[in-house]
1. Take the residues in the stretch 83-106 that are assigned to a helix (DSSP H, G or I), open to solvent by 10 Å² or more (accessible area, probe 1.4 Å) and not charged (D, E, K, R), then tell me which one is farthest from Ala130 (Cα to Cα).
2. Quick check on the stretch 133-141. Is at least one of its residues open to solvent by 20 Å² or more (accessible area, probe 1.4 Å) and under 19 Å from Leu56 (Cβ atoms)?
3. All but one of (1) out of contact with any Leu (no Cβ under 7 Å at 6 or more places or on another chain); (2) in contact (Cβ under 8 Å) with a residue 60 or more places away in the chain hold for Val20, so report the exception by its number.
4. Looking at the stretch 21-28, is at least one residue over 26 Å from Thr164 (Cα atoms) and either of a type in the set (Ser, Thr, Tyr) or open to solvent by 10 Å² or more (accessible area, probe 1.4 Å) (or both)?
5. Select from the stretch 107-129 the residues that are open to solvent by 10 Å² or more (accessible area, probe 1.4 Å) and either on the phi < 0 side of the Ramachandran plot or among the aliphatic types (A, V, I, L, M) (or both) and list them in ascending order.
6. For the condition touching a residue at least 60 places away in the same chain (Cβ under 8 Å), farther than 19 Å from Trp163 by Cβ and open to solvent by less than 60 Å² (accessible area, probe 1.4 Å), what is the one hit in Gly31, Gly80?
7. Quick one: in the stretch 149-185, of everything that is within 15 Å of the chain's Cα centre (by Cα) and among the β-branched types (Val, Ile, Thr), which residue is surrounded by the fewest Cβ atoms within 10 Å (Cβ to Cβ)?
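The values are calculated or read from the model by the stated rules, or taken from the named source; none is laboratory data. Predicted model, so just to flag it, every value in this text is computed and none were measured. Here the Cβ positions follow ideal geometry from the backbone for every residue, glycine too, while neighbour counts run over all protein chains shown. Areas reflect the complete protein model, heavy atoms only, side chains present, ligands, DNA and RNA absent. Shrake-Rupley method; radii C 1.70, N 1.55, O 1.52, S 1.80 Å.
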Amino acid sequence: MTRLTRAELEAARDRLVPDVVADGLRVLFCGINPGLMTAATGHHFARPGNRFWPVLHLSGFTPRLLKPSEQRELLSYGLGITNVVARATARADELSAAEYVEGGRLLAAKVTRLRPRWLAVVGVTAYRTAFGDRRAQVGPQERSIGDTRVWVLPNPSGLNAHWTAATMAEEFGRLREAAYDRGRVTAADAVGDAERVTAGPGS
């Protein structure tokens, strides 16, 4: 990856990043909001210290470690990425509570339209604020959005020292088992999902 200057990163502030989505996904992963590296490159979870892509592989969701630039390959496994809040910031604490709430409303509408099997929000604090559920914990939630079940995952940011890559992979793996009703992603799964899913441009 080309090293970006501070000026290039700052120029990406408030930029919107297209989702990686399609109808009928097995899991739609939902980040908090794009960071500046993600906004500058257009690749989700692009910051080098973010553990999303390694954990996705360690947990068995992908048969190999994908680079952020390979994000659209997720669609072939029935997976996608969106965010609670669309605009890019340097830190999540730059977002207001009102932005989270409005983001939760828009996310629910998006999920209703796309109908994934699971919505997986990566960050329990973001989930609590966006959906007004102060007691939510990591794991499957009682809430559903239409036919879509909701799972809260730990935030893969390198700043989240409470979770290691290994412990995060265990939690991601629990969701994977629920989403696929069995073990790791296989070639047959990938072919089946590629045939079933019609990729959209993102919204």
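1. Restricting attention to the stretch 83-106, the residues satisfying the condition of being assigned to a helix (DSSP H, G or I) are 92-94, 97-106.
Add one more test, that the residue is open to solvent by 10 Å² or more (accessible area, probe 1.4 Å), and what stays is 92-94, 97-102, 105-106.
Next cut, not charged (D, E, K, R) only: 92, 97-98, 100-101, 106.
Numbers: Ala92: 13, Ala97: 8, Ala98: 8, Tyr100: 5, Val101: 4, Leu106: 10 Å.
Selected residue: Ala92.
2. yes
3. (1)
4. yes
5. Step one: list which residues in the stretch 107-129 are open to solvent by 10 Å² or more (accessible area, probe 1.4 Å), which gives 108-110, 112-115, 117-118, 124-125, 128-129.
If the condition is that a residue be open to solvent by 10 Å² or more (accessible area, probe 1.4 Å) and either on the phi < 0 side of the Ramachandran plot or among the aliphatic types (A, V, I, L, M) (or both), then Ala108, Ala109, Lys110, Thr112, Arg113, Leu114, Arg117, Trp118, Val124, Thr125, Arg128, Thr129 are the ones that fit.
6. Details: Gly31 fails: farther than 19 Å from Trp163 by Cβ.
Being touching a residue at least 60 places away in the same chain (Cβ under 8 Å), farther than 19 Å from Trp163 by Cβ and open to solvent by less than 60 Å² (accessible area, probe 1.4 Å) holds for just one of Gly31, Gly80, which is Gly80.
7. Val150
Residues are listed down the side, and each one gets a yes or a no for (1) closer than 24 Å to Glu102 by Cα; (2) among the β-branched types (Val, Ile, Thr):
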| position | (1), (2) |
| --- | --- |
| Arg15 | yes, no |
| Cys30 | yes, no |
| His44 | yes, no |
| Gln71 | no, no |
| Ser76 | no, no |
| Val84 | yes, yes |
| Thr89 | yes, yes |
